[in-house]
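J.: To start, I am sharing the structure in question, which I have written as structure tokens.
The values are calculated or read from the model by the stated rules, or taken from the named source; none is laboratory data. Just so we're clear, the structure is a prediction, and the values are computed from it rather than from any experiment. Neighbour counts are summed over all protein chains in view; Cβ atoms, including those assigned to glycine, are modelled from backbone coordinates with ideal geometry.
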Amino acid sequence: MQLKLLAFFFGIFISASIPSTVFGQDRPGIAGMIRNEAGQPVPHASVSINNQTVISSASGSFTIPALPPGNYKVRVSSVGYQPKEISVTVTTGQSELPVITLTSSVGELQTVEITGRRDDGYKASYSFAATKIAIPVTEIPSTVSTITQELIRDRQAVRFDDVARNTNVRVTNNGRSVIIRGFVSTNRLINGLRTLTDNYRFAAISPVVESYEVIKGPSSSMFGNMSPGGVINIVTKKPLAQKKQQVSFSTGSFNTVRGDLDFTGKVTEDGTVLYRINAFGQLSDTWYQNMKDDAFTLAPSFSFLPREGTRINVDVNYTRLITLENDGLFPFKGKSIDETPIDFTVFQPGDRNKTTTTSINFSLSQRITKNIHFNLSYLKDFLKWDDRRHSAEIYLGDAAWSDGDSSISVSYWEWESKMDADNATGYLTADFNTGSLGHKALIGYDYNVSLFNWGTYRYNNAPIGKVNVYDPTKSTNLDGAVYDLATVNYSLANRTRDYANGIYFQDQVSIGERLKVLLGLRYEDYTFRLAYKTPTEDKVSQEAWLPKIGITYNFPSNTHVYGSYITGFQPVSSGSLIYGTVEGGGELKPEYSNQFEFGAKQELFNKNLLLTAAWYQIKKINVTQLTNPTVADPNDRIWRQLGEVTSTGFEVEFNGRIGPSFSVNGAYNYNDARITGDIDPAKINEKLGLAPLHQGNIWAKYEILNNGLLDGLGFGAGMNLSSKTPMLQAPAQTTPGYTVADAAIFYKVNRVSLSLNVNNVFNKRYYTGAVRERERYYTGAPRNLMLRVGYSL
């Protein structure tokens, strides 16, 4: 019933909103095309005439119908460009304007991630998060992979998981395990600020995201505690001065119904107050039995521009998800994993994980002088986690099986917890010269504090039943059963408060016009207060100095070569400090890492396409590993630390346009990640789990332009491939390699857009990873379709 109501609501809303002129193709008016100085289309530009405003399409085209003959002023504006006004005379019939060229406005690029972005297409020109200053991607001496808003929209992505493959990032374990350059990354940034790790929350909802930036390699010299493989920065949508109102409705496989809206514009006539409201709702089953994926997000944002040189943003994001973290498939005893139905779970009706996250982000950019800016940003994060589920007791080994080894024992548990985090950063940037050297320097301070309240855990002391997928008559009726649960309260003894303080300095030195040297140094201090605010509270402190250096040389042929050395640091997690003991005694040590990277970036096709090639080597020492992952009681865990692991690889990426009609995104990664030092000589040269040797992706879109009724028709197609993947805790075993194909068709006519995406076209059964040979295989989605109807008001 909910699905039908949501579908009915959006159907009525869109039908009522579309005026009768939308589908008129031959009424009198004007039509034109908007480009920038490089000849690229400028989508989403506002075109105003005679009290009418339309938004240019992805190809930069626009049409204003039903204008009486006469002389008019046409005003065109877009974020990141100088507004332009031209005169036009309309006669009977359709008037074709010459191409309107907009000029970039460099002054709108600010040094903190608080402005609406102007990157269009699949190519990102700037990255703010990688260096905290607005410098071109080609001047950054490392790899930054960006998933732009257009690519998110073209793939109909709802979470980062849906587009991670476009940056050579492997996502498995229901989105909790993100593998970048061979290492699991558990950290996330929102607009350059640290947030609660995705181990305790589901990924951000993409319709309220402007872009995803994947900063490859250790980023600790800029952000502190980070995985050596890289970090994901989530850039949220910001208010724009140009009025834009868009709604969409989607429906597709797994009984999915979605709706979203994106409204932005001026609150005050003079533009000193701007607003943006993004909302998203989804009701959906999944391909797994008794597992839903319902979501709701509301994200209002306001910008205040009281005077020139001052900008203040306030962003709020409320997200409620009702879904489950599937424990993955497993082979029934005596059978292979491929014999387990892809939709199998032991979940029962009523099982669900209800996760609520609320974040408040405040940002300030203040110009002090022409060359000095002050930036301040604060993020408050709240999380509520309420999990109730049945679970297969695989960890019991042979004791989990009965009825001729074909029925699996099932347990039940409930877990409620609350967490929150405060994150603040403030820094000064300065542009100045010392003799013949130019400088873009910054100095800043970061503060981060997180409260991990592990809450209340309720569980059964003995199996409450069994499930047999091959003979359902042997399954226990678990639906609606009442279980006798034991309770453990973690709210006090296992509550931790984690503090981090960082002071950092960075300077991009320009030596002549073509040579850039990037220098950076950070001091980071961590304090973990275990058993927070109890008589047994214990403090553990760790610190690190983190230098980096990078060199970029820009050749006249739009070729940019670079080399860099950067360092990383990860303190021992509070969870590892609380639970278990260390193998051989002693204490766990912090994990240190470093990376050498050499590469080249080439701009092609009039700078519309960026090609990046890079070689890297990452070394990490003191890697913490759990030796007995199947242990039931967390206090019985035994930790050990490897001597060294090394990831060596080569990456190629290309993003952008080849001509105005053809867009492409592609990537290939060769990655050899293995143990290179260990207290156990037998483990040396063992592969790292979840790190395939080869993986790649390509996605291409072709749009027909200036061809009458076919104008706006487009096609997309691509594939995602991987070689065999080592299991996380049994890397000698692997899951098979795979190639998966996707396709899409688009059509845009004036204010209406239609898109149909087909993922996993050939219905390939494949595994994104596995934990062990007999446990937790994670599958990619089977073939699924999604139809989207969008409308610009």
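J.: Is one or more of the residues making up the range 705-722 surrounded by fewer than 16 Cβ atoms within 10 Å (Cβ to Cβ) and under 18 Å from Val184 (Cα atoms)?
T.: No: the range 705-722 contains no residue that is surrounded by fewer than 16 Cβ atoms within 10 Å (Cβ to Cβ) and under 18 Å from Val184 (Cα atoms).
J.: For the range 668-682, does any single residue satisfy the condition of being under 30 Å from Val749 (Cα atoms), under 26 Å from the mean Cα position of the chain (by Cα) and modelled with pLDDT of 95 or more? Before the answer, list the steps.
T.: Start the filter on the range 668-682 by keeping residues that are under 30 Å from Val749 (Cα atoms), which leaves none.
No - not one qualifying residue is present in the range 668-682.
J.: For the range 715-741, which positions are touching a Lys or Arg at 6+ places or on another chain (Cβ under 7 Å) and of a type in the set (A, V, I, L, M)?
T.: Result: Met727, Ala730, Val740.
J.: Find the strands (runs of 3 or more DSSP E) located wholly in the range 409-518 whose residues include 2 or more that are farther than 30 Å from Ser221 by Cα, and list them.
T.: Numbers: elements: 437-460, 465-467, 485-489, 496-511.
Fully inside the range 409-518 and qualifying: 437-460, 465-467, 485-489.
J.: Starting from residues that are of a type in the set (Asp, Glu) and in a loop (DSSP other than H, G, I, E, B), keep the ones in the range 313-335 and report whichever is farthest from Thr779 (Cα to Cα). If you could, list the steps in order and put the result at the bottom.
T.: If we filter the range 313-335 for residues that are of a type in the set (Asp, Glu), which is where we start, we get 315, 325, 327.
Checking which are in a loop (DSSP other than H, G, I, E, B) leaves us with 325, 327.
Details: Glu325: 13, Asp327: 11 Å.
The extreme case among them is Glu325.
J.: Of the residues that make up the range 210-229, is at least one touching a Ser or Thr at 6+ places or on another chain (Cβ under 7 Å) and more than 30 Å from Phe596 (Cβ to Cβ)?
T.: Within the range 210-229, one or more residues are touching a Ser or Thr at 6+ places or on another chain (Cβ under 7 Å) and more than 30 Å from Phe596 (Cβ to Cβ).
J.: Return yes when Thr340 is in contact (Cβ under 8 Å) with a residue 60 or more places away in the chain, buried (at least 19 other Cβ atoms within 10 Å of the Cβ) and either touching a Phe, Trp or Tyr at 6+ places or on another chain (Cβ under 9 Å) or more than 30 Å from Leu298 (Cβ to Cβ) (or both) and no when it is not. Let's see the steps before the verdict.
T.: On the way: in contact (Cβ under 8 Å) with a residue 60 or more places away in the chain: yes; buried (at least 19 other Cβ atoms within 10 Å of the Cβ): no; either touching a Phe, Trp or Tyr at 6+ places or on another chain (Cβ under 9 Å) or more than 30 Å from Leu298 (Cβ to Cβ) (or both): yes.
Criteria not met by Thr340.
J.: So which residues in the range 672-709 are among the β-branched types (Val, Ile, Thr) and within 19 Å of Val163 (Cβ to Cβ), if there are any at all?
T.: Step one: list which residues in the range 672-709 are among the β-branched types (Val, Ile, Thr), which gives 675-676, 679, 684, 698, 704.
Residue satisfying the conditions is Ile698 alone.
J.: Still on this structure: Could you list, in sequence order, all residues of the range 754-765 that are in contact with a strand residue (DSSP E or B) (Cβ under 9 Å, 6 or more places away or on another chain), free of Cβ contacts under 8 Å to residues at least 60 places away in the same chain and surrounded by fewer than 21 Cβ atoms within 10 Å (Cβ to Cβ)?
T.: Our first condition is that a residue be in contact with a strand residue (DSSP E or B) (Cβ under 9 Å, 6 or more places away or on another chain); within the range 754-765, this holds for 754-762, 764-765.
Narrowing the set further to residues that are free of Cβ contacts under 8 Å to residues at least 60 places away in the same chain leaves 754, 756, 758-762, 764.
Selection gives Leu754, Leu756, Val758, Asn760, Val761, Phe762, Lys764.
J.: For the range 542-555, enumerate the residues that are in contact (Cβ under 8 Å) with a residue 40 or more places away in the chain and not basic (Lys, Arg).
T.: Gln542, Ala544, Leu546, Pro547, Gly550, Ile551, Thr552, Asn554, Phe555
J.: Kindly indicate the residue of the range 544-563 that is among the β-branched types (Val, Ile, Thr) and closer than 12 Å to Thr138 by Cα and also surrounded by the most Cβ atoms within 10 Å (Cβ to Cβ) among those meeting that condition. Reasoning before the result, please.
T.: Applying the first criterion (among the β-branched types (Val, Ile, Thr)) to the range 544-563 yields 549, 551-552, 559, 561.
Cutting the leftovers down to closer than 12 Å to Thr138 by Cα gives us 551-552, 559, 561.
Working: Ile551: 18, Thr552: 25, Thr559: 14, Val561: 16.
Applying the filter and picking the extreme gives Thr552.
J.: Quick test of your reading of the structure: Phe347 fulfils all but one of (1) touching a helix residue (DSSP H, G or I) at 6+ places or on another chain (Cβ under 9 Å); (2) closer than 26 Å to Thr256 by Cβ. Name the failing condition by number.
T.: Going through (1) touching a helix residue (DSSP H, G or I) at 6+ places or on another chain (Cβ under 9 Å); (2) closer than 26 Å to Thr256 by Cβ one by one, Phe347 breaks only (1).
J.: If you take the residues of the range 564-604 that are at pLDDT 90 or above and more than 24 Å from Gly224 (Cβ to Cβ), which of them is surrounded by the most Cβ atoms within 10 Å (Cβ to Cβ)?
T.: Within the range 564-604, the match that is surrounded by the most Cβ atoms within 10 Å (Cβ to Cβ) is Lys601.
J.: Could you please find all residues in the range 642-662 being surrounded by 20 or more Cβ atoms within 10 Å (Cβ to Cβ) and either at pLDDT below 95 or in contact with a Ser or Thr (Cβ under 8 Å, 6 or more places away or on another chain) (or both)?
T.: Scanning the range 642-662 gives Leu642, Val645, Glu651, Glu653, Phe654, Asn655, Gly656, Arg657.
J.: Could I ask something else about it? Among (1) of a type in the set (Ser, Thr, Tyr); (2) within 30 Å of Lys440 (Cα to Cα); (3) in contact (Cβ under 8 Å) with a residue 24 or more places away in the chain; (4) in contact with an Asp or Glu (Cβ under 9 Å, 6 or more places away or on another chain), which single condition is Thr527 missing?
T.: The failed condition is (2).
J.: Tell me which residues, restricted to the range 155-168, are within 21 Å of Gly689 (Cβ to Cβ) and more than 10 Å from the chain's Cα centre (by Cα).
T.: Hits for the range 155-168 are Arg165, Thr167, Asn168.
J.: Out of Asn685, Asn750, which single residue is over 25 Å from Trp287 (Cβ atoms) and without any contact (Cβ under 8 Å) to a residue 40 or more places away in the chain? Spell out the reasoning first.
T.: Numbers: Asn750 fails: without any contact (Cβ under 8 Å) to a residue 40 or more places away in the chain.
Only one candidate qualifies: Asn685.
J.: Next question, about the same structure. Need the failing condition index for Lys370 against (1) at pLDDT 90 or above; (2) surrounded by fewer than 17 Cβ atoms within 10 Å (Cβ to Cβ), just the number.
T.: Going through the list (1) at pLDDT 90 or above; (2) surrounded by fewer than 17 Cβ atoms within 10 Å (Cβ to Cβ), Lys370 breaks only (1).
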